[in-house]
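Computed from the coordinates by the stated procedures, all read-outs in this text should not be read as laboratory data. What you see is a predicted model; the values in this text were computed from it and never measured. Glycine gets a Cβ as well: all are built from the backbone with ideal geometry, and neighbour counts include every protein chain shown.
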Amino acid sequence: FGARPVQRVLSWACGPARHLEAFAELGVGCAGADGSAAMIAYAERAACARGAGAGVRFHCAELDERPDVAPVDLSFVPLSAIHQLATPAALERHLRLAASLLLPGGVHVIEATHPADLTPSGVNRTEWTELRGEQSIDARFRIHTERATPDRVVPVSLEVVCSARRNGGAPRELSSFRQEATWYIPDLAGWRRVAERVPELSLVATLGDFNVDVPFEHAAAWRLILVLKRV
């Protein structure tokens, strides 16, 4: 979708930055931005521990703040993090910042929640478990669709429980936390309206999967991945 080779990449809301490490292994210059100083510190330690620290530079910045990075060829927002911006105006500000950091012909990619997940028939509950030796991490994420507003603003929650399991016995809880937030989940028309207010970017593709051959309109679509090109 872009018009230039990818030599520098920026991940907004980078979290632990595993996506960036994959780019660094290909020799691409990488920058990661996250609003949590604690997460940035963790990502730096993790990248160094895995030998990728030299290829990634980190900056503390929220999605609506400009990180101190040089212009890039590719930027992206992974894992529905974009919905932390709870108004169309906040989304527009993010797109303007992203455009200002893209070189001409560069691409900004947003991995968003499928708009159907804001309906009772959508995928609005997700659970997963990760095993680490004798410990397990159980996570439950929920979009509280019953409390959504007509403007598509909705509460979400994440519960995480870490447990120890020894010799097949009953699990013993080690720690847990619950996090709540407010998300704004636009439909495609809403995304188009916001993008049209940022003339430096052109919405060139809307995908329904990480496979670029699956458009958003396809019956198998389960994400909304927006591809915006710097003009």
Item to check | Percent antiparallel among DSSP beta bridges (both partners in the chain, rounded to 5) | outcome: 70
Checklist outcome for this item: The relative contact order of the chain, taking Cα pairs under 8 Å that sit 6 or more residues apart, comes to a percentage of 17
Next on the checklist: From the phi angles alone, apply the Karplus equation (6.51, -1.76, 1.60; θ = phi - 60°) to the stretch 3-14 and give each ³J(HN,Hα) in whole Hz, x where the residue is Gly or Pro.
Outcome noted: 10, 7, x, 8, 10, 9, 9, 10, 9, 7, 6, 6
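To the nearest 500 deg cm²/dmol, what mean residue ellipticity at 222 nm is calculated for the chain from DSSP H runs of n ≥ 4 alone, each contributing -39,500 (n - 2.57), summed and divided by the residues?
On the way: 4 runs with 43 residues, N = 231.
Value at 222 nm, helices only, nearest 500: -5500 deg cm²/dmol.
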Item to check | Debye, to nearest 20: dipole size of the stretch 119-184, +1 on Lys, Arg Cβ, -1 on Asp, Glu Cβ | outcome: 120
Checklist outcome for this item: Using alpha-carbon coordinates alone, the radius of gyration and Dmax of the stretch 67-166 in Å work out to 17.7, 56
Checklist outcome for this item: Exposure-ranked with fewest Cβ neighbours within 10 Å first, 202, 11 stand as 202, 11
Checklist entry - ³J(HN,Hα) across the stretch 149-159 via Karplus (A = 6.51, B = -1.76, C = 1.60, θ = phi - 60°), whole Hz, x for Gly/Pro? => result 8, x, 8, 6, 9, 8, x, 10, 9, 10, 10
Checklist outcome for this item: Summing +1 per Lys or Arg and -1 per Asp or Glu among the other residues with Cβ less than 13 Å from residue 193's Cβ gives -1
Checklist outcome for this item: Residue by residue through the stretch 67-78, the couplings from Karplus 6.51 cos²θ - 1.76 cosθ + 1.60 with θ = phi - 60°, in Hz, x for Gly and Pro, are x, 7, 10, 6, x, 10, 8, 9, 9, 7, 10, x
Checklist entry - Hey, if you put +1 on the Cβ of every Lys and Arg and -1 on every Asp and Glu Cβ in the stretch 119-184, which of 168, 137, 155 ends up farthest toward the positive end of that dipole? => result 168
Checklist entry - How much length is gained on full extension from residue 205 to residue 60, taking 0.36 nm per residue of separation minus their Cα-Cα distance? => result 49.3 nm
Item to check | Charged-residue dipole, Cβ positions (Lys, Arg, Asp, Glu), the chain about Cα centre, Debye nearest 20 | outcome: 200
Checklist entry - Over the stretch 119-184, what relative contact order in percent results from Cα pairs under 8 Å that are six or more residues apart? => result 27
Checklist outcome for this item: With residue 165 itself left out, Lys, Arg at +1 and Asp, Glu at -1 over residues whose Cβ is under 9 Å from its Cβ give +1
Checklist outcome for this item: Checked against the structure, the computed log10 I(q)/I(0) by the Debye sum over Cα atoms at q = 0.08, 0.16 Å⁻¹ among (1) -0.33, -1.23; (2) -0.34, -1.09; (3) -0.27, -1.14 is the one labelled (1)
